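Chemist: Starting off with a structure, shown below.
The values are calculated or read from the model by the stated rules, or taken from the named source; none is laboratory data. Fair warning: this is a prediction, and the values are worked out from it, not measured in the lab. Heads up, the Cβs are rebuilt from the backbone with ideal geometry, glycines too, and the neighbour counts pull from every protein chain shown. Ligands, DNA and RNA are stripped out before the accessible areas are found, and what is left, the full protein with its side chains, is counted by its heavy atoms. Shrake-Rupley method; radii C 1.70, N 1.55, O 1.52, S 1.80 Å.
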Amino acid sequence: MERQYVAVDLHGRRSMIVRENEAADERAVTKIDNDPAALAAAVADAGPNPEVAIEATYGWYWAVDVLEELGATVRLVNPSGLAWDDRRVKNDYLDCRELIDRMRLNKLPEAWIAPPELRELRELVRYRAKLVNLRTGLKAQVKAVLAKHCLHPPVDDLWGVAGPKWLDGLELPDGYHIRVESLRDLVALFDREVAMLERRIHQELREHPGYRAIQALNGVGPVLAAIFVAEIGDVGRFSSPEALCSWAGLTPKHKESDRKARRGKITKKGSRLVRWAAIEAVSKQRGGPKLKIDYHRIAARRGKNIAAAAVARKLLTLVYYGLRDGDIRSLAHAEAA
């Protein structure tokens, strides 16, 4: 049977599937209502072990699992690497045709397909991060209500020991009082859910050698270690620490033409959560004695923001070796180097 290429343009409820042979002759254009059986039936017509390109768009997990169960070679495409916004005409059919053309030329910007168990861990880690962001917004609302009455808390942390006692003693008009109390109840609810997630995540990772090893780094506790493990996944897919830093969006932009080369700000293209975790890890302790010296040296010359990004790259390099080797001694050796 002739070899075929398949492209799937996945949407929330419906999808388009286009099949071509090696000679770029179109074999079928199919529209389906999203359902595992319908997708399997449409792709099965391509014969055994087809190559299938599918974008990493909303809800792609189920579709990739179905395709892999069929024995397809799945190419998960990173949409940000396609740069389709400037096309004069863009529709599902043309998208599929271009995916096939790029697949045939081996020019697809591919993303890594995390195994199901890692995707499940990511679900917990990302959900925790989402809840923390929402909780931060609730706390900010409390301070906004207090500001309307020119009330200044006596402590920076309203959610520690002294802060709640101070809030209990406030006398506010009914409307404002109701809002503050409601917000405090919601924060308490979020605290409970975040704590539950942290316990579950730690339970899942407590035997993971990399998870334990990287917590030897100053500034990396269980929460940040879990983010690194879940989001990076198989660190062996990166050829070097520099590749990991680039994937996290922590490397400077580089533009070169003829004899001129310019390096700008960090790209911020990649894993936002890993980038945040690396910056957060060095925000207070600066990554330990050696990295703290580097931070102050760079900050004196180029400013605090550039220094923080540079030290975050150094810390992420140590995370790379810790996840790769699962050994604290290798971390000490890499830091000394």
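Chemist: Name the pairs: first residue in segment 18-35 and over 17 Å from N91 (Cβ atoms), second residue assigned to a loop (DSSP other than H, G, I, E, B) and not small (G, A, S), Cβ to Cβ under 6 Å, at least 6 apart or on different chains?
Modeler: Final answer for the pair search is N21/E2; E22/R3; N34/R13.
Chemist: Looking only at segment 87-102, which residues are open to solvent by 50 Å² or more (accessible area, probe 1.4 Å) and under 26 Å from the mean Cα position of the chain (by Cα)?
Modeler: If the condition is that a residue be open to solvent by 50 Å² or more (accessible area, probe 1.4 Å) and under 26 Å from the mean Cα position of the chain (by Cα), then R102 is the only one that fits.
Chemist: Can you tell me which residues in segment 276-296 are touching a Gly at 6+ places or on another chain (Cβ under 7 Å) and open to solvent by 30 Å² or more (accessible area, probe 1.4 Å)?
Modeler: K284, Q285
Chemist: Pick from segment 253-271 the residues that are in contact (Cβ under 8 Å) with a residue 40 or more places away in the chain and open to solvent by less than 80 Å² (accessible area, probe 1.4 Å): which of them is farthest from R122 (Cα to Cα)?
Modeler: Across segment 253-271, the extreme among qualifying residues is I266.
Chemist: How many residues are free of Cβ contacts under 8 Å to residues at least 60 places away in the same chain and in a helix (DSSP H, G or I) when one looks only at segment 88-97?
Modeler: Number of matching residues: 1.
Chemist: Identify the single condition in (1) at pLDDT below 95; (2) open to solvent by 70 Å² or more (accessible area, probe 1.4 Å) that R179 does not satisfy, given that it satisfies every other one.
Modeler: (1)
Chemist: Looking for something open to solvent by less than 40 Å² (accessible area, probe 1.4 Å), part of a strand (DSSP E or B) and either more than 19 Å from E20 (Cβ to Cβ) or out of contact with any Lys or Arg (no Cβ under 7 Å at 6 or more places or on another chain) (or both) - is there at least one such residue anywhere in segment 110-120?
Modeler: no
Chemist: Return a yes/no flag: does segment 284-299 have any residue that is at pLDDT 90 or above and under 17 Å from A216 (Cα atoms).
Modeler: no
Chemist: List pairs: first residue in segment 54-81 and farther than 19 Å from D33 by Cβ, second residue open to solvent by less than 60 Å² (accessible area, probe 1.4 Å) and part of a helix (DSSP H, G or I) anywhere in the structure, Cβ distance under 7 angstrom, at least six positions apart or on different chains.
Modeler: The qualifying pairs are A56/P79; A72/V43; V74/V64; V74/L67; R75/M103; L76/V64; V77/L99.
Chemist: Report yes if L131 is over 29 Å from I201 (Cα atoms) and either in contact with an Asp or Glu (Cβ under 6 Å, 6 or more places away or on another chain) or part of a helix (DSSP H, G or I) (or both), otherwise no.
Modeler: no
Chemist: Scan segment 127-139 for residues that are open to solvent by 50 Å² or more (accessible area, probe 1.4 Å) and of a type in the set (V, I, T) and jot them down.
Modeler: If the condition is that a residue be open to solvent by 50 Å² or more (accessible area, probe 1.4 Å) and of a type in the set (V, I, T), then T136 is the only one that fits.
Chemist: Of the conditions (1) in contact (Cβ under 8 Å) with a residue 24 or more places away in the chain; (2) surrounded by 17 or more Cβ atoms within 10 Å (Cβ to Cβ); (3) not β-branched (V, I, T), A299 fails just one. Which one is it?
Modeler: The one condition A299 does not meet is (1).
Chemist: Does A41 satisfy the condition of being crowded, with 21+ Cβ neighbours inside 10 Å, at pLDDT below 95 and farther than 19 Å from L94 by Cα?
Modeler: no
Chemist: Only one of A40, A46, A63 is over 30 Å from R200 (Cβ atoms) and assigned to a helix (DSSP H, G or I); which?
Modeler: The unique qualifying residue is A40.
Chemist: Return the pair list, or none, for Cβ contacts closer than 7 Å from residues in segment 148-169 that are over 17 Å from T136 (Cβ atoms) to residues that are surrounded by fewer than 12 Cβ atoms within 10 Å (Cβ to Cβ) and not aliphatic (A, V, I, L, M), at least 6 apart or on different chains.
Modeler: Pairs found: A162/P154; W166/P154.
Matching residues to (1) open to solvent by 90 Å² or more (accessible area, probe 1.4 Å); (2) among the hydroxyl-bearing types (S, T, Y); (3) closer than 22 Å to A63 by Cβ; (4) under 15 Å from the mean Cα position of the chain (by Cα):
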| residue | (1), (2), (3), (4) |
| --- | --- |
| R104 | no, no, yes, no |
| R122 | no, no, yes, yes |
| V125 | no, no, no, yes |
| Q141 | no, no, no, no |
| H149 | no, no, no, no |
| V155 | no, no, no, no |
| W159 | no, no, no, no |
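Chemist: Shifting gears a bit: Among the numbered conditions (1) modelled with pLDDT under 95; (2) loosely packed, with under 14 Cβ neighbours inside 10 Å; (3) within 27 Å of R272 (Cβ to Cβ), tell me where E55 comes up short.
Modeler: (2)
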